[in-house]
Amino acid sequence: MSLKSQTDLFLQKKVEVLQMGGAEAVQKQQAQGKLTVRERIDLLFDAGTFCELGALAQADPDDPTLKGKKTPADGVVTGHGLINGRRVCVIAYDFTVIAGSIGEVGERKAQKIREMALTQRIPIIWLLDSAGARVQEIASSKFAMTGKLFYDQVMLSGVVPQVAAMMGPCAAGTAYIAGLADFVPMVKGTSSMALAGPPLVEAAIGEKISVEELGGSKVHCDVSGVGDLEVPDDKACLEVVKKYLSYLPANCSQDPPVVHKTSGQDQSDRLSRLLTGSARHEERLDDDILEILPDDPKKVYDMKRIILKIIDGADFFEIKPKFGQGIITGFGRIGGRSVGIVANQPSFMGGVIQVDESDKAARFINICNAYNVPLLFLQDCPGFMVGSRVEKAGIIRHGAKMLWAVSHATVPKMTIVIRKAYGAGYYVMCGKAYGPDLMVAWPSAEISLMGAEGAVNIIFRKEIEGAGDPAKKREELTALYRDRISLSMAAEGAYIDDVIDPRDTRRVIIETLKLTENKKVILPERRNGVVPV
């Protein structure tokens, strides 16, 4: 056979692979509102840049457990390409081929991609739409050779960004991929993850439950916290994957990309501002920043209003928006630089920190620290929740995760006290002792173990009980004690760096980001810290 004939033969095989699991399986996939794996690949990567590896792979057709089934690409598309001009690896499971199950040959392909991501130091994305391990192949002693997937993910952790996009049902092994990844978006209505599907759950413990109730996007994005963001469809999922990666470097040894948005001003107007010197103040915020806080410190407000004023273009990429809602976490840009924002949310239970808030913030801080993203803390926190319910839930060990994360973070850290900064809430939100490169407050701030009312009720309890008019006595003592937690004392004692005009918030942050560009902190030598879990 001539070389041309041989070449044509292999080209024909590759054309057949593009048909995936066949027309009927593809039609069924699309009827569920899902894109095919190859449509997803086309939308994810810059046009014409995807390089597929292992396209001709397939399981042994003579394997009796597979009954002669064909497995194009062995149910997983692997390769690399460019996303917004940057190289990224991908492992994308194809549900049209034996439910996207992980076969021995497909896993061999995937392992090569994981090794490539580690050795070349480039991000890795999983597009997950898989029934998990291919039981037909490993329900035997061959199971002893499995498990390298999760070891590799742990080795990749903190070295390169890992994204697990949940775009279909994922059981057992594929669910753990999400558990070990950095960012996990989930498609509403079609994606799910669980250690065992409904049939096995019913067989094991007698519980009858639907896939959606067991592990749908609402369960994991609102309740368990395994998911990071619920999105409406596959296209939206791929867009948020690309946006997430835009805030991060390719690996831990690089800095995040700087993205300056083009000014909408006319060139002559910008030149005029430069010549008159007024451009020096163009980062100063408008007066309406002064209208966000209520006059009554007991009233709530939405911290996101402040965040949107500070960041470039009011473009905030929130992580876990429906989980642990007393704390806001997410990415934005300030002066073109990526910043990870951790902020208390007074509009949700006054901004008190509970178990979920602690886990959410600690994980986000760790991710930012891993990939050199500066951290901005916006404090308005009455402290941690107390009581038997949270003690039984382990509030101490969960709160300790946040203490550990903020102490361990060596990236630039900036803390702005907006209003309340009480008790251990002040500590975990990067108080003075936790090495912030900037520690400033708005004039509305209070920093103390607790509020004046709470302190008076404890310190002067007997005096108040013995007074002729306890209510009046409590009010008098509270007014006196409020002076002891005034911001003036913190500023005069140099416990904070400055009290700033709220309109200068953005400008102060930008100057600090410039100052800390080359920050280096050497932690004590050790094998590893013992992380609270």
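The values are calculated or read from the model by the stated rules, or taken from the named source; none is laboratory data. The structure displayed is predicted, hence computed values, not measured ones. Glycine gets a Cβ as well: all are built from the backbone with ideal geometry, and neighbour counts include every protein chain shown. The protein model used for the area step is the full one, side chains on, heavy atoms only, and it has no ligands, DNA or RNA in it. Shrake-Rupley method; radii C 1.70, N 1.55, O 1.52, S 1.80 Å.
Of all residues in the range 52-75, count the ones that are of a type outside the set (A, V, I, L, M) and either open to solvent by less than 10 Å² (accessible area, probe 1.4 Å) or part of a strand (DSSP E or B) (or both).
So the count comes out to 4.
Go through the range 293-324 and count every residue that is under 15 Å from Leu378 (Cβ atoms), assigned to a loop (DSSP other than H, G, I, E, B) and not hydrophobic (A, V, I, L, M, F, W, C).
The number of residues fulfilling the criteria is 2.
Within the range 178-194, track down each residue that is closer than 16 Å to Gly100 by Cβ and in a loop (DSSP other than H, G, I, E, B).
Thr190, Ser191 - these are the residues of the range 178-194 that are closer than 16 Å to Gly100 by Cβ and in a loop (DSSP other than H, G, I, E, B).
I'd like the residue in the range 418-440 that is part of a strand (DSSP E or B) and in contact with a helix residue (DSSP H, G or I) (Cβ under 6 Å, 6 or more places away or on another chain) and, out of all such residues, is nearest to Gly351 (Cα to Cα).
Met439
From the set of residues in the range 493-505 that are farther than 12 Å from Val417 by Cβ and open to solvent by 30 Å² or more (accessible area, probe 1.4 Å), which is nearest to the chain's Cα centre (by Cα)?
Looking at residues that are farther than 12 Å from Val417 by Cβ and open to solvent by 30 Å² or more (accessible area, probe 1.4 Å), I get Arg503.
Name every residue in the range 305-343 that is open to solvent by 20 Å² or more (accessible area, probe 1.4 Å), more than 18 Å from Pro374 (Cβ to Cβ) and under 17 Å from the mean Cα position of the chain (by Cα), in order of residue number.
Answer for the range 305-343, where residues must be open to solvent by 20 Å² or more (accessible area, probe 1.4 Å), more than 18 Å from Pro374 (Cβ to Cβ) and under 17 Å from the mean Cα position of the chain (by Cα): Pro321, Lys322, Gln325.
Using the structure shown, decide if Ala175 is small (Gly, Ala, Ser), farther than 22 Å from Thr36 by Cα and assigned to a helix (DSSP H, G or I). Spell out how you get there, then give the answer.
Working: small (Gly, Ala, Ser): yes; farther than 22 Å from Thr36 by Cα: no; assigned to a helix (DSSP H, G or I): yes.
Here the answer is no, as Ala175 does not meet what is asked.
Test Asp42 against the stated conditions and say whether it is open to solvent by 10 Å² or more (accessible area, probe 1.4 Å), assigned to a helix (DSSP H, G or I), more than 23 Å from Leu149 (Cβ to Cβ) and at pLDDT 95 or above. Even if it seems obvious, please write down each step before you answer.
Working: open to solvent by 10 Å² or more (accessible area, probe 1.4 Å): yes; assigned to a helix (DSSP H, G or I): yes; more than 23 Å from Leu149 (Cβ to Cβ): yes; at pLDDT 95 or above: yes.
Taking the combined requirement at face value, the residue satisfies it.
Quick check: anything in the range 321-334 farther than 19 Å from Leu229 by Cα and out of contact with any Lys or Arg (no Cβ under 7 Å at 6 or more places or on another chain)?
Yes: one or more hits.
Those residues that are surrounded by fewer than 17 Cβ atoms within 10 Å (Cβ to Cβ) and either farther than 30 Å from Asp288 by Cβ or within 31 Å of the chain's Cα centre (by Cα) (or both), I need them from the range 468-488; list them, please.
Gly468, Asp469, Pro470, Ala471, Lys472, Glu475, Glu476, Ala479, Leu480, Asp483, Arg484
Might you let me know whether the range 59-72 holds any residue that is in contact with a Lys or Arg (Cβ under 7 Å, 6 or more places away or on another chain), of a type outside the set (Phe, Trp, Tyr) and farther than 19 Å from Lys14 by Cβ?
No; the residues of the range 59-72 include none that is in contact with a Lys or Arg (Cβ under 7 Å, 6 or more places away or on another chain), of a type outside the set (Phe, Trp, Tyr) and farther than 19 Å from Lys14 by Cβ.
Restricted to the range 225-236, and to residues that are open to solvent by 50 Å² or more (accessible area, probe 1.4 Å) and over 14 Å from the mean Cα position of the chain (by Cα), which residue is farthest from Leu200 (Cα to Cα)?
Lys235
Can you say whether Arg87 is among the basic types (Lys, Arg) and within 24 Å of Cys368 (Cβ to Cβ), as far as the supplied structure shows?
In short, yes.
For the range 329-342, check the following and say yes or no: at least one residue is closer than 22 Å to Leu403 by Cβ and in a loop (DSSP other than H, G, I, E, B).
Initially, the range 329-342 is screened for residues closer than 22 Å to Leu403 by Cβ, giving 329-330, 339-342.
If we keep only those that are in a loop (DSSP other than H, G, I, E, B) as well, we get none.
No.
What are the residues in the range 368-392 that are in contact (Cβ under 8 Å) with a residue 12 or more places away in the chain, among the β-branched types (Val, Ile, Thr) and either surrounded by 20 or more Cβ atoms within 10 Å (Cβ to Cβ) or assigned to a loop (DSSP other than H, G, I, E, B) (or both), if any?
Selection gives Val373 alone.
How many residues are open to solvent by 10 Å² or more (accessible area, probe 1.4 Å) and either in a strand (DSSP E or B) or β-branched (Val, Ile, Thr) (or both) if we restrict to the range 344-360?
Of the residues in the range 344-360, 2 are open to solvent by 10 Å² or more (accessible area, probe 1.4 Å) and either in a strand (DSSP E or B) or β-branched (Val, Ile, Thr) (or both).
Determine which member of the set Lys14, Lys28 is over 19 Å from Leu238 (Cα atoms), modelled with pLDDT under 90 and part of a helix (DSSP H, G or I).
Residue meeting the stated conditions: Lys14.
Regarding Thr49, is this residue assigned to a helix (DSSP H, G or I) and over 25 Å from the mean Cα position of the chain (by Cα)?
No.
Regarding the range 237-245, can at least one residue be identified that is open to solvent by 80 Å² or more (accessible area, probe 1.4 Å) and in contact (Cβ under 8 Å) with a residue 12 or more places away in the chain?
No, every residue in the range 237-245 fails to be open to solvent by 80 Å² or more (accessible area, probe 1.4 Å) and in contact (Cβ under 8 Å) with a residue 12 or more places away in the chain.
Out of Thr78, Thr119, Thr96, I need the residue that is open to solvent by 50 Å² or more (accessible area, probe 1.4 Å) and of a type in the set (Val, Ile, Thr). Which one?
On the way: Thr78 fails: open to solvent by 50 Å² or more (accessible area, probe 1.4 Å); Thr96 fails: open to solvent by 50 Å² or more (accessible area, probe 1.4 Å).
Checking each option against the conditions leaves just Thr119.
Hey, can you tell me all the residues within the range 100-116 that are over 9 Å from Gly54 (Cβ atoms), of a type in the set (D, E, K, R) and open to solvent by 30 Å² or more (accessible area, probe 1.4 Å)?
Glu104, Glu107, Glu115, listed by residue number.
Give the range 202-224 a look and list any residue that's of a type in the set (Val, Ile, Thr), open to solvent by 50 Å² or more (accessible area, probe 1.4 Å) and within 14 Å of Ala175 (Cα to Cα), or say none.
If the condition is that a residue be of a type in the set (Val, Ile, Thr), open to solvent by 50 Å² or more (accessible area, probe 1.4 Å) and within 14 Å of Ala175 (Cα to Cα), then Val211 is the only one that fits.
Picking from Gly454, Gly423, which residue would you name as being on the phi > 0 side of the Ramachandran plot, modelled with pLDDT under 95, open to solvent by 10 Å² or more (accessible area, probe 1.4 Å) and over 25 Å from the mean Cα position of the chain (by Cα)?
Gly423
Out of the range 191-223, which residues are out of contact with any helix residue (DSSP H, G or I) (no Cβ under 9 Å at 6 or more places or on another chain) and closer than 23 Å to Leu35 by Cα?
Across the range 191-223, the qualifying residues are Gly216, Ser217, Cys221.
Taking into account only those residues within the range 291-302 that are in contact with a Ser or Thr (Cβ under 7 Å, 6 or more places away or on another chain) and among the hydrophobic types (A, V, I, L, M, F, W, C), which is most open to solvent (accessible area, probe 1.4 Å)? Talk me through it step by step, then tell me what you get.
Keep residues of the range 291-302 that are in contact with a Ser or Thr (Cβ under 7 Å, 6 or more places away or on another chain), which gives 293, 300-302.
Filter once more, so that each one left must be among the hydrophobic types (A, V, I, L, M, F, W, C): 293, 300.
On the way: Leu293: 29, Val300: 86 Å².
Going through the qualifying residues, I end up with Val300.
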